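Shown next, in structure tokens, is the structure this report addresses.
The values are calculated or read from the model by the stated rules, or taken from the named source; none is laboratory data. Keep in mind that this is a model prediction, so the values were computed, not measured. Positions of Cβ are backbone-derived with ideal geometry, glycine not excepted, and every protein chain shown enters the neighbour counts.
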């Protein structure tokens, strides 16, 4: 997954967080793999959903940076949506 595509997803237009974003890409792919989702190639069916799942995890981790506050102003991460993507992407 390309750094520039992820930066566009996150609405980042600077290079200050490039190293962090690259680490988050690797971390998101690892999270999916540890959940039983194999890496997908660009020509495979399911690749688009795989990319969305990776970006979804990156968004969660970038936005919260490990902190969770519960107030109406913060975006809430939808864990069930991620679980649904993982179940669809697993190769049973």
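The stretch 1-71 holds helices (runs of 4 or more DSSP H) entirely within its bounds, and those carrying 3 or more residues that are within 14 Å of residue 82 (Cα to Cα) map to 18-34, 47-64. The listed residues are 56, 47, 73, and the only one of them that is at pLDDT 80 or above, out of contact with any helix residue (DSSP H, G or I) (no Cβ under 8 Å at 6 or more places or on another chain) and under 25 Å from residue 20 (Cβ atoms) turns out to be 47.
Scanning the stretch 21-39 for residues that are over 10 Å from the mean Cα position of the chain (by Cα), within 18 Å of residue 3 (Cβ to Cβ) and crowded, with 18+ Cβ neighbours inside 10 Å turns up just one, 21.
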